[in-house]
Amino acid sequence: MKQTTFNVLVGFSLILGLALSCKDKPKNGRTDTYSSGTITFVSDESFSPIINEEVAVFENTYPNAKLKAIYTNELDAVNMLMKEKTYLAITSRKFTAKEKKNLEDRNFMPIAIPLAYDALTLIVNNANPDTIISVQDIKQILGGKVAQWKDIYPTSKLGDIEVAFDNKQSSTVHYCVDSILGGKPINSPNIYAVNKSAEVIDFVEKHPNAIGVIGSNWLNDKRDTTNVTFKRNIKVMGVSKIHPATVESSWQPYQFYIYNGNYPLVRTIYALLNDPLHALPWGFANFIAADHRGQLIIHRAGLLPYRANMAVRDVVVSDR
């Protein structure tokens with residue numbers, strides 16, 4: 001009798017244990033935690049240099065975590081998040097009110113975590129002598145009102161302005177439409193959309209009359225650890241809020257000029273989260289946003305960390 005009772009109790013315990021185990025396991029099969037497991041996340045391709053570094057340091061810090069980045073355009077990145085194909089997207093915008101309501105209606109808690117400030121940068125061929133431009137000039141080029149270099153620089157002999165973007169649906173295009181053109185579409189007669197940010201640099205190198213639109217994190221010269229040298233195979237334009245642009249009113253996208261507001265074309269990089277488990281997507285996003293190592297990677301890439309604590313010192317140069 002005792003043996004029978006024991007067998008019944010053991011059987012009941014096993015059944016209960018299996019039931020609880022099945023209950024604890026998410027329906028989607030996820031087993032990742034805040035610092036372990038395997039996930040796939042998505043990012044706008046223009047941020048790939050810094051995101052690759054963030055992944056490498058995070059995985060080195062947490063050996064049980066494996067992160068696979070999918071680089072695409074910003075539109076597809078957000079769509080993947082909305083369809084629950086991923087729970088983390090790195091973009092240059094927050095959720096729209098419609099997107100946020102859609103997710104909340106499905107019992108998710110969407111959140112946008114700011115990570116860094118990036119500069120939208122204009123690059124030209126090394127043969128182009130004109131390297132300053134006003135925001136108004138940029139607006140006229142993108143809006144189709146200015147088509148030739150001589151329309152801005154009367155002595156220029158470069159001919160038609162060819163504008164190169166990384167992707168038709170990228171965050172750089174989104175910024176130009178929303179922040180420069182006020183929501184109006186790009187209407188320049190000579191627009192070229194390549195596939196990746198690196199191809200924008202290559203396009204500008206090969207076309208003397210081109211102007212490329214690119215994120216500043218692609219431009220740092222890795223030989224310079226002070227972040228004051230851009231790639232030497234192209235020129236980075238100085239941009240002025242004042243029209244017409246002058247040397248004195250134009251600023252290049254150095255970190256300090258992003259910080260003090262002199263450089264006018266600045267966007268915020270966000271981590272968009274839709275993770276009901278608060279697991280590895282949250283862990284990685286907070287590593288970039290709040291951990292000193294994550295923010296240091298952003299600083300070394302030439303961007304301005306969202307939690308920047310910059311020390312500005314006056315330097316006196318003596319003739320002695």
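Data table
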| quantity | calculated |
| --- | --- |
| Anchor residue 241: aspartates and glutamates whose Cα lies under 12 Å away (excluding residues fewer than 8 positions away in-chain) | 137 |
| Amide H contacts under 5 Å for residue 192, placed H, 5+ residues apart | 163, 164, 165 |
| Order by protection proxy (mean Cβ within 10 Å, highest first), peptides 286-294, 97-105, 125-133 | 286-294, 125-133, 97-105 |
| Given charges at beta-carbon only (K, R positive; D, E negative), |dipole| of region 99-171 in Debye | 140 |
| Per-peptide average of other Cβ atoms within 10 Å, ordering 146-158, 254-266 highest first | 254-266, 146-158 |
| Long pairs among 94/196; 101/196; 98/196, criterion Cα-Cα beyond 27 Å | 101/196; 98/196 |
| Relative packing of 34-47, 178-191, which averages over residues the other C-beta atoms within 10 Å, highest first | 34-47, 178-191 |
| Cα convex hull of region 55-124, projected area averaged across orientations, nm² | 6.9 |
| HN-Hα J in Hz across region 105-121 - Karplus 6.51, -1.76, 1.60, θ = phi - 60°, x for Gly and Pro | 5, 9, 6, 9, 10, x, 8, 10, 9, x, 10, 6, 10, 10, 9, 7, 10 |
| Greater than 29 Å apart at Cα, pairs in 157/235; 145/168; 168/206; 139/168; 100/184; 100/139 | 100/139 |
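Read-outs: derived from the displayed coordinates by stated rules, not from any lab. Just so it is clear, the model here is predicted, and its values are computed rather than measured. Cβ coordinates were reconstructed from backbone atoms using ideal geometry, including for glycine residues, and neighbour counts include every protein chain displayed.
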